[in-house]
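The values are calculated or read from the model by the stated rules, or taken from the named source; none is laboratory data. Given the structure is predicted, the values throughout are model-derived calculations rather than measurements. Backbone-built Cβ (ideal geometry, glycine too); neighbour counts: all protein chains shown.
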Amino acid sequence: GDAYIQPCLLTKLINEFREILSDEQTVKPPEELGLTQREMEIVSYIACGQSNKDIARKLFISEKTVKNHVSSILKKMELGDRTQVAVYAYKKGLVAR
């Protein structure tokens, strides 16, 4: 049940946490993001470490559709990558810990 994080990814994750914490004022609050219900579902899966392929299987949609949603999420959240989305989701309480 435990998750394994590769050392090279751990460093990136820590740096992302630091960056988001230091730039918190520039990130929109959840209610201003304009995410759809489907995008919110995908955010929760991203925060749980699911790949696009896994998300597609769980939601019965194509992997390409998931990629499109992820791109839309990143744009709306004004974030650079999935790690930042996961950190934001946990920090703002969008997903249960």
Mind listing whichever residues of region 77-97 are closer than 17 Å to Pro29 by Cβ, of a type outside the set (Val, Ile, Thr) and assigned to a helix (DSSP H, G or I)?
-> Met77, Gln84, Tyr88, Ala89, Tyr90, Lys91
Can you pull out the residues in region 14-58 that are modelled with pLDDT of 75 or more, within 18 Å of Gly80 (Cβ to Cβ) and surrounded by fewer than 13 Cβ atoms within 10 Å (Cβ to Cβ)?
-> Ile14, Asn15, Arg18, Gly49
List pairs: first in region 75-97 and within 14 Å of Asn15 (Cβ to Cβ) and surrounded by 15 or more Cβ atoms within 10 Å (Cβ to Cβ), second at pLDDT below 85 and among the charged types (D, E, K, R), Cβ under 7 Å, 6+ apart or cross-chain?
-> Thr83/Lys12; Thr83/Glu16; Gln84/Glu16; Val87/Glu16
